[in-house]
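Have a look at the structure below, then the notes.
Nothing in this text is a laboratory measurement; each read-out follows from the coordinates by a stated rule. Small disclaimer: the values here were computed from a predicted structure and weren't measured. Note that each Cβ is placed from the backbone with ideal geometry, even for glycine, and that neighbours are counted across all protein chains shown.
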Amino acid sequence: MPDDPILLRDDWRARLRAVPVLSGEMAGLSESELPRHPLSLVERWLDDAIAAGVTQPHVAALATVGASGAVSARMLIVKDLTAEGVWFSSSRNSPKGRDLAAHPQAALTLYWREAGRQIRVTGEVSSPSEEVSAADFRERSVVARREMLVDRQSSPRDDAAQTELARAQRRLDADPDLVAPAWAAYLLAPVRIEFWAAATGRAHDRIVAERRTVGDEWMWQRLWT
Ligand SMILES: Cc1cc2nc3c(=O)[nH]c(=O)nc-3n(C[C@H](O)[C@H](O)[C@H](O)COP(=O)(O)O)c2cc1C
């Protein structure tokens, strides 16, 4: 059998180089716009993204570290923004859930292409409220709840899947309020939030807020891009 080439094209460098990035008029971020608490700026940027009709403005990349030190990242949905931090949800039994049990820290990155804005949140992760976790679970679609009652996220899917899903559906039919015990609403409480804003015709802006170890004071610092 002849060796098929792995890639069909060998001009990827040139093709990628030709794709425009950060096109359009972008205002950057100035010191005068900085609030006392960086979550206020997260709120403002999220608001702007929703108002501008950005697609899936609440989808973020979450990076975690496993017990062995291996790093994983995946996209997920930001479920809430409160004065405590950023919320997302998943199964405690998923690979990310196991990572978070071993190392309750994470990095979450939001990126709004149309606005040329990126936010990087790093901090401590907890699942502080069974009530919030249960309410979050009940808001999910039937299909998603059924999958989560089987609770095998990221495991190989074999022939037993249909039987297990049918069993989960019967449990849901019998009790529509049923909550998968492993479902967690996680809170990422920030210790560092970095804002990156594209600016047209000059260097882009990068400003970071770091929580001081004493009290709830935040220290702002401009960074080299
Ligand atoms: C747009 C988008 C949104 C997603 N939202 C979630 C979510 O809210 N929670 C979740 O557990 N997985 C979500 N996923 C799936 C994850 O990316 C990932 O495949 C899954 O959580 C398994 O990750 P893990 O094996 O690292 O635990 C989403 C994927 C995409 C592409």
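Looking at segment 1-50 only, could you name the residues that are of a type in the set (A, V, I, L, M) and within 20 Å of the chain's Cα centre (by Cα)? Hits for segment 1-50 are LEU39, LEU41, VAL42, LEU46, ALA49, ILE50. Of the residues examined, ALA73 is not one that is in contact (Cβ under 8 Å) with a residue 60 or more places away in the chain and small (Gly, Ala, Ser).
Considering only residues in segment 69-118 that are farther than 24 Å from ILE207 by Cβ and more than 14 Å from the ligand (Cβ to nearest atom), the one that is nearest to the chain's Cα centre (by Cα) turns out to be PRO104.
Residue check: GLU210 meets all listed conditions (1) out of contact with any strand residue (DSSP E or B) (no Cβ under 8 Å at 6 or more places or on another chain); (2) more than 16 Å from the ligand (Cβ to nearest atom); (3) not in a loop (DSSP other than H, G, I, E, B) but one, namely (1). Any residue in segment 178-188 that is within 30 Å of LEU22 (Cα to Cα), β-branched (Val, Ile, Thr), in contact with a Phe, Trp or Tyr (Cβ under 6 Å, 6 or more places away or on another chain) and surrounded by 17 or more Cβ atoms within 10 Å (Cβ to Cβ)? No - not one qualifying residue is present in segment 178-188. Of all residues assigned to segment 109-125, none qualifies as being loosely packed, with under 13 Cβ neighbours inside 10 Å and among the hydrophobic types (A, V, I, L, M, F, W, C).
Against the conditions (1) surrounded by 14 or more Cβ atoms within 10 Å (Cβ to Cβ); (2) within 16 Å of the ligand (Cβ to nearest atom), where does LEU34 fall short? Just the number, please. Every condition holds for LEU34 apart from (2).
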